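J.: Before I ask anything, here is the structure I am working with.
The values are calculated or read from the model by the stated rules, or taken from the named source; none is laboratory data. If you're wondering where the values come from, they're calculated on a predicted model, not measured in any experiment. Every residue, glycine among them, receives a Cβ derived from its backbone with ideal geometry; neighbour counts consider all protein chains shown. In case anyone asks, the SASA skips ligands and DNA or RNA and just uses the protein heavy atoms, side chains included. Shrake-Rupley method; radii C 1.70, N 1.55, O 1.52, S 1.80 Å.
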Amino acid sequence: MSDRPTVPRGNLVEMSYSELAADPAAAVRRVYSELGVPGFDERRMADRIQDYLAGRMPGYRTNAFPPLPPRLLRAVAERWRPYAVQFGYAEELDAAVAAAEQ
């Protein structure tokens, strides 16, 4: 996060996974818009995203992993806390750490 100021304005787009997963076409539209990339065609892009998800990823589900050991989870939580706060995952992260420590 400390490198962000070195990235020229208009060259970085950040979003949460939740935003991308909820509406991929809208997320791509936002990326095009914030980067100033012309030529975004809403209908065409939405169709292509749906085709991709349906054809290349039938039955796709978000990955599931076994829980991390409490010590490792605490280390990850500490290191990634700024991102969890920025993208709205801090409560979820805190709950996972608390559950792991019980």
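J.: Inside region 69-96, can you point out the residues that are over 20 Å from the mean Cα position of the chain (by Cα) and of a type in the set (A, V, I, L, M, F, W, C)?
T.: So the first thing to find is which residues in region 69-96 are over 20 Å from the mean Cα position of the chain (by Cα), and the list is 69-72, 74-75.
Residues satisfying the conditions are 72, 75.
J.: Now for a different question. Just checking, which of 83, 52, 60 is among the aromatic types (Phe, Trp, Tyr) and in contact with a Phe, Trp or Tyr (Cβ under 8 Å, 6 or more places away or on another chain)? Break it down into steps so the answer makes sense when it comes.
T.: Numbers: 52 fails: in contact with a Phe, Trp or Tyr (Cβ under 8 Å, 6 or more places away or on another chain); 60 fails: in contact with a Phe, Trp or Tyr (Cβ under 8 Å, 6 or more places away or on another chain).
Selected residue: 83, the only one of 83, 52, 60 that is among the aromatic types (Phe, Trp, Tyr) and in contact with a Phe, Trp or Tyr (Cβ under 8 Å, 6 or more places away or on another chain).
One line per residue, one yes/no per condition, for (1) surrounded by 10 or more Cβ atoms within 10 Å (Cβ to Cβ); (2) under 21 Å from residue 26 (Cβ atoms); (3) modelled with pLDDT of 80 or more:
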residue	(1), (2), (3)
59	no, no, no
80	yes, no, yes
86	yes, yes, yes
102	no, no, yes
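J.: I want to confirm something. Restricting to region 29-44 and keeping residues that are modelled with pLDDT under 90 and over 25 Å from residue 88 (Cβ atoms), which single residue is surrounded by the fewest Cβ atoms within 10 Å (Cβ to Cβ)?
T.: Only one residue fits best here, namely 38.
J.: Go through region 45-58 and report how many residues are within 20 Å of the chain's Cα centre (by Cα) and outside any helix (DSSP H, G or I).
T.: Residues in region 45-58 being within 20 Å of the chain's Cα centre (by Cα) and outside any helix (DSSP H, G or I): 1 in total.
J.: In the set 26, 21, which member is open to solvent by less than 60 Å² (accessible area, probe 1.4 Å), without any contact (Cβ under 8 Å) to a residue 12 or more places away in the chain and not in a loop (DSSP other than H, G, I, E, B)?
T.: 26
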